[in-house]
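Structure first, then comments.
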Amino acid sequence: MSTTAVGYLGGVASPESLASQVGISVLKLGGNAVDAAVAIGFALAVTFPSAGNIGGGGFLLYRHPSGHNVAIDFREMAPGLSTSNMYLDGNGNVLLGDGGSVDGYRACGVPGSVAGFEEAWRRYGSGRISWGQLVDPAVQLASSGFPMPNSLRKSLSLSAERIERDATFQDVFLDKTPLGWLPKKHGTTIRQPKLAETLTRIRDRGATDFYAGVTARLLASDIQQNGGVLSTTDLAAYRAIRRKPLVGRFMHHDVLTMPPPSSGGIALLQMLGMLQACDPLPDAYSPTYIHIVAQAMRRAFRDRSEYLGDADFVDVPVRSLLDGSYIAKLKRGLSAGMAVRTDDLPPARNLKDESEQTTHFTVIDRFGGVVSTTYTLNGSYGAAVISKSTGIILNNEMDDFTAKVGVPNQFGLIQSAKNAIQPRKRPLSSMTPTIVVDNEGQIRIATGSPGGPTIINSVLHTILQSVYFDKGVHESVAAPRFHHQWKPEVLQLERSLIGVRPQLASLGYETSLRTLGDVHAGSWNRRSGVIMSSDPRGTGEALAE
Ligand code: DON
């Protein structure tokens, strides 16, 4: 398995090897980056079930070789019967488990992935590869099966307690043993017959089947029989939305990134703006560097918490938040000597070391067209239930809304009423697919990651390494990461930064250790072709031709 690849005719980097192979074979057939991304998206729904999906949603950012760019928002949407307090019990406490915002059928938002992929292929595909050709590899992987990899066993074990109560999870992925339910043995063929039937319908009839056909009816009926509120009307009303990417400037590069309902693009551009104004930055990973970058993170995450939500429903002051004079104001006081403020903060519910819950992949074609896609079920294996008649793993994206103002969600994020639940609204996301372009129109780095709120900072680190410190793609992806999200008042460090912990403590930081992100990135240059990189922290594969 290779984490880096160089070529001239295009390349892919995804978190799972079979899906990367599907992507590269589409490029070899003459498909463009969008075609290959769609095929990868469907393949991951089969081979990377913790996060790959057709039952979730995400964002696809595309830059056409001509320079035209577009963001496709296929984020989940709250069902029509949702209410702002649907996850509060009689005492006003947030319900998480079965029936709450995290586990089970009530946690599920209207899935967007199939609509997003169809919209991308229809508008921006090369026209050389049919829809059927893009979905078929996923059909084959689901019906003929694939050998259980160790990486999947490990991720299933981490979620065992949540998924083992579900009959389809048991049938497809688990074995009953004297020790209880355990992942099937390494090498066992994993077949997903119901999912194969659903993918076959999608292959033959398109997204219409998912939103207004047999799949729509089966899915809504499974959800409603199990206490969920999602209906066929919700599915029929779902649309992927084309949006204008946010475009910022950083050290003579254009940074194309995701607008709301992502919070990631705004936070990223704010941080890059503050840090550019600090130029020259101290040496990378010196205590002062970490201190300055962490303080930029705190400021951006404070704004995320206060101002951001789905801009189609609430007023999000995007222009003001990205205005040069506002960023200059944020930057003021960002200096080596400043103090770390410690507030009395509610503890995060669950800041765990889990990087497999969302997934990112990057594709670059021979013409320099680039797709950067992040999509997700939210938690690992989403709501931990599979719709039994469709084989679809359901998302738990409703937990990304503000269930109650002031109470942290599963990523420890405190969010405002701007992100409150409303029918048909999209929950605020941290997913940050990003493409950085130089002044000659070449791709300096296209990047993205899973990791909840840490996504935004993982993307920031890869861009700082690539653009500011002039590192190659793979070095930028492999470089250490750290994360601050304002609340809780903890600086999370990767283990490789353990050496500076004492100095950070003397600056006033409480620190903790964890692995951050699973970045899949690439670059493209007219003279040297493509370089693709899969994060050495993960189990992905980069391939190029
Ligand atoms: O959209 C979001 O921000 C989250 N649903 C992403 C979840 C995620 O990245 C989990 N990965 N570790």
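The values are calculated or read from the model by the stated rules, or taken from the named source; none is laboratory data. Nothing here was measured: the structure is a model prediction, and the numbers come from that model. All Cβ positions, glycine included, derive from the backbone under ideal geometry; neighbour counts span all protein chains shown. The accessibility values were calculated without ligands, DNA or RNA, using every heavy atom of the protein model including side chains. Shrake-Rupley method; radii C 1.70, N 1.55, O 1.52, S 1.80 Å.
Could you work out the relative contact order of the chain, using alpha carbon pairs under 8 angstrom and six or more residues apart, expressed as a whole percent?
25 percent
Using a 1.4 Å probe, how large is the accessible area of residue 152, given in Å² and rounded to the nearest 10?
Roll a 1.4 Å probe over it and residue 152 shows about 10 Å².
What distance in nm lies between label points placed 7 Å from Cα along the C-beta direction at residue 208 and residue 167?
3.2 nm
Using alpha carbons only, how many angstrom separate the centre of the stretch 480-545 from the centre of the stretch 101-131?
28 Å
If the only charges are +1 at each Lys and Arg Cβ and -1 at each Asp and Glu Cβ, what is the size of the charge dipole of the stretch 159-250 around the Cα centre, to the nearest 20 debye?
On the way: 16 positive and 10 negative charges, 126 e Å.
With only Lys, Arg, Asp and Glu charged at Cβ, the dipole is about 600 debye.
Please report the projected area of the stretch 497-545's Cα convex hull averaged over all directions, in nm².
5.5 nm²
Take 239, 366, 162 and sort them by solvent-accessible surface of the protein heavy atoms, 1.4 Å probe, largest at the top. Walk me through the numbers on the way to the answer.
Numbers: 239 145, 366 100, 162 60 Å².
Ranked list, largest accessible area first: 239, 366, 162.
Show 475, 489 ordered by accessible area, largest first, where the area counts protein heavy atoms only and the probe is 1.4 Å.
Details: 475 105, 489 20 Å².
The residues order as 475, 489, largest area first.
Report, in cubic angstrom per residue, the convex hull volume of the C-alpha atoms of the stretch 207-302.
It comes to 162 Å³ per residue, whole-number rounded.
Working only with C-alpha atoms, what are the Rg and Dmax values of the stretch 103-232, expressed in angstrom?
My reading of the Cα-based Rg and Dmax gives 16.7, 53 Å.
Count charges around residue 361 for me, please; just the other residues with Cβ under 13 Å from its Cβ, Lys/Arg as +1, Asp/Glu as -1.
Charge balance near residue 361 sits at -4.
Taking the Cα atoms of the chain alone, what are Rg (to one decimal) and Dmax (as a whole number) in Å?
Both quantities, over Cα of the chain: 21.6, 64 Å.
Please report Rg over Rh for the stretch 7-162, where both radii come from the alpha carbon positions and Rh follows the Kirkwood definition.
1.05
Straight distance only, please: which lysines reach the Cα of residue 418 with their own Cα at less than 24 Å, same-chain residues fewer than 8 apart left out?
244, 329, 404, 487
For the stretch 399-491, what is the relative contact order in percent, using Cα pairs closer than 8 Å and at least 6 residues apart in sequence? It would help to have the intermediate numbers written out before the result.
Numbers: 125 pairs, mean separation 18.3, N = 93.
Relative contact order comes out at 20 percent.
Answer with one residue from 49, 492, 69: the one whose Cα lies farthest towards the positive end of the charge dipole of the chain, charges on Cβ with Lys, Arg +1 and Asp, Glu -1.
Farthest along the dipole direction, towards plus: 69.
Ignoring ligands, DNA and RNA, how do 365, 312 rank by accessible area with a 1.4 Å probe, largest first?
The ordering from most to least exposed comes out as 312, 365.
Would you mind putting 205-216, 2-13 in packing order, based on average other-beta-carbon counts within 10 Å, highest first?
2-13, 205-216
Restricting to Cα pairs below 8 Å that are 6+ residues apart, what does the relative contact order work out to for the stretch 10-101? Please round to a whole percent. Before the final figure, lay out each step's value.
Values: 93 pairs, mean separation 13.8, N = 92.
This gives 15 percent for the stretch 10-101.
Hey, how many Å between the Cα centroid of the stretch 149-226 and the Cα centroid of the stretch 1-58?
20 Å
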